[in-house]
Amino acid sequence: MLKKLFCNILFTFIAIFYISADINASDKLESEFLKENPSLNQFIYETPHSKLYIGVGVTPLAMTDNRFVFAGSLFQLHYISNLIDIEIFNISVGINSAENDMFSSYHFIFRTAAKMKINKSLSLGGIIGWELVSFPKVNKKEYNGRDFTPMEPFSSSGLILGVIVSQEFTYFDDYLIKINGFIYREFYSVEKTRYSWTYWFEEEEIQQDPDKKAIAPGFVGGLELSILF
């Protein structure tokens with residue numbers, strides 16, 4: 001059975017080789033023919049480029065009010081035309097590193113961004129999305145009257161809103177390199193849950209601070225580098 005499978009794979013590769021060789025030879029002959037008859041170029045049909053792109057990215061440089069951020073964009077879907085540049089969907093995971101390791105956090109972000117083209121390569125627009133945040137070393141309870149939940153790591157979620165400016169460069173014919181500069185505001189809660197239960201924090205520094213500055217939402221700004229194809 002393995003011998004048969006090997007023979008099938010070998011036959012497939014040989015067939016692909018000969019087909020690609022024939023295509024390359026045909027393209028070469030066609031190119032030489034068009035060079036000899038340049039007036040025929042106007043009648044050649046060219047397949048239009050797709051306006052949809054998928055991609056991945058990395059944010060090597062970003063920071064919040066009190067933490068440094070490193071993030072990776074796991075999946076992106078874009079629609080790019082001559083007038084608009086829409087980031088339909090972007091899923092990213094980030095690590096915020098605080099000076100005090102206890103207050104470091106993990107962030108999972110879904111976002112979309114609608115931008116207008118300023119020129120061929122530059123676009124400007126707004127960001128809206130949803131953020132899930134977790135502080136694994138910050139413990140909390142939730143209470144409502146006399147009812148308390150068990151102690152567990154603090155996590156929350158909330159809206160993000162911001163602005164973004166993008167510059168793109170064509171890489172070969174089918175790839176785009178995109179550099180995004182962004183700033184957005186976080187809106188997750190450090191006071192109450194969505195069901196109006198109140199947080200009680202084990203860490204005295206957080207519990208006694210009315211603003212919960214060590215873990216509070218803030219502004220996030222940075223640079224993101226993406227490759228689209």
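Each reported figure results from applying straightforward, stated rules to the coordinates on display, with no laboratory input. Since this is a predicted model, take the numbers as computed values, not measurements. Here Cβ is always computed from backbone atoms with ideal geometry, including for glycine, and neighbour counts include all displayed protein chains.
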Handout entry: Per DSSP, loop chymotrypsin sites (Phe, Trp or Tyr not before Pro) in the stretch 128-220 with at most 14 further Cβ within 10 Å
Key = Phe172, Phe187, Tyr195
Exercise for the section: Count charges around Ser105 for me, please; just the other residues with Cβ under 10 Å from its Cβ, Lys/Arg as +1, Asp/Glu as -1. Expected result: +2
Problem - Sorted by Cβ neighbour density within 10 Å, fewest at the top, the residues His78, His107 - result: His107, His78
Practice task
Using 0.36 nm per residue of separation minus the Cα-Cα distance, give me the extension gain between Leu161 and Phe70 in nm, one decimal.
Solution key: 30.8 nm
Problem - Segment Thr170-Tyr79, extension gain: residue separation times 0.36 nm, minus the distance between their alpha carbons - result: 31.2 nm
Problem - Cα-based convex hull, the stretch 52-228, per residue volume (Å³, whole number) - result: 106
Exercise for the section: Please work out the FRET efficiency for the pair Phe219 and Thr198, using the Cβ-Cβ distance as r and a Förster radius of 45 Å; give the result to the nearest 0.05. Expected result: 0.95
Exercise for the section: Give the relative contact order (percent, whole number) for the stretch 52-228; include only Cα pairs under 8 Å separated by 6+ residues. Expected result: 21
Fill in the blank from the handout: About its Cα centre, the stretch 154-229 carries a charge dipole, from +1 on Lys and Arg Cβ atoms and -1 on Asp and Glu Cβ atoms, whose size in debye to the nearest 20 is 280
Handout entry: Residue-by-residue Karplus 3J(HN,Hα) for the stretch 148-154, coefficients 6.51, -1.76, 1.60, Hz, glycine and proline x
Key = 10, 8, x, 5, 7, x, 6
Exercise for the section: Mind giving me the nanometre distance, one decimal, between the label points for Asp209 and Glu191, set 7 Å out from Cα along Cα→Cβ? Expected result: 1.7
Practice task
Quick one: check the C-alpha center-to-center distance for the stretch 110-152 versus the stretch 158-229, whole angstrom.
Solution key: 6
Completion exercise
For the stretch 206-214, in residue order, the Karplus 3J(HN,Hα) values (coefficients 6.51, -1.76, 1.60; θ = phi - 60°; whole Hz; Gly and Pro = x) are 7, 4, 8, 8, x, 8, 6, 4, 5
